[in-house]
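Accompanying notes for the structure given below.
Read the figures in this text as sums done on the coordinates, not as results from a lab. Quick caveat: nothing in here was measured; it's all calculated off a predicted structure. Neighbour counts are summed over all protein chains in view; Cβ atoms, including those assigned to glycine, are modelled from backbone coordinates with ideal geometry.
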């Protein structure tokens, strides 16, 4: 029965996603997407940069609101735009490791992503003088092997709740703002993207959305921390 086969396949995909990519899954170990708190505090995080000029535009918005955030950067993009990474650090934000190559095939070849992680650690230290203690895997993908490797490398895996699931399609600032507002909850780590993998991406709408979001949330009594401060972790290795 074709319909039965389809149901089975969909069930397999669903459970695979829940195990390996669902932001809230902790099946394989500690993978925080929020802190346990009733205080109106949030952590903003941005993935896939550096991506000038949009990362710089975002930094300007964060400075305007006096908010610190966490940037999980890709090694290959760092090699292209080291000055932007240095600007992130100079502004007091936290840098995290987001692997070297944002390509699913890299993970399928090596479930631990060991070489990618180490290479990116070395590049971040080379260009910024910092050695991250936080790691976010591309697509939030994970495995027991990856978590074991992160432990040996002194890295803490960090998940989060996507501000909007529609960033791939370059949504309007209004849509990003509206979707993110629905995800707000004390202690949440929100995930946005100032880049788009290894591709050049127009993220001009994101700073506009974040500007409005920060203004509204601060008016509601929310404050903002870096991921490490929210979770009580060290941002960098000694």
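Using just the helices of the chain, give the 222 nm mean residue ellipticity in deg cm²/dmol: DSSP H runs with n ≥ 4 each add -39,500 (n - 2.57), and the total is spread over all residues, rounded to 500. Walk me through the numbers before you get to the answer.
Working: 10 runs with 105 residues, N = 238.
Taken over the chain, the calculation gives -13000 deg cm²/dmol.
In this label model, residue 152 and residue 108 are separated by 2.5 nm, measuring between points 7 Å along each Cα→Cβ vector.
In the elastic network of the chain, a GNM with C-alpha springs shorter than 10 Å, the most mobile of 88, 184, 73 is 184.
Summary value for the chain: 32 percent relative contact order, contacts being C-alpha pairs under 8 angstrom separated by 6+ residues.
Is the stretch 138-238 rounded, prolate or oblate when judged by the Cα gyration tensor, a ≥ b ≥ c being the square roots of its eigenvalues, rounded requiring a/c under 1.5 and prolate requiring a/b larger than b/c? Judged from the Cα gyration tensor, the stretch 138-238 comes out oblate (a/c at least 1.5, b/c at or above a/b).
What number do you get for the stretch 105-146 when its Cα radius of gyration is normalised by 2.2 N^0.38 Å, N = residues?
1.22
Label positions at residue 223 and residue 115, each projected 7 Å from the Cα along the C-beta direction, are separated by 4.6 nm.
Stokes-Einstein, applied to the Kirkwood radius of the stretch 61-166 over Cα pairs at a viscosity of 0.692 mPa s and 37 °C, places its translational diffusion at 230 µm² s⁻¹.
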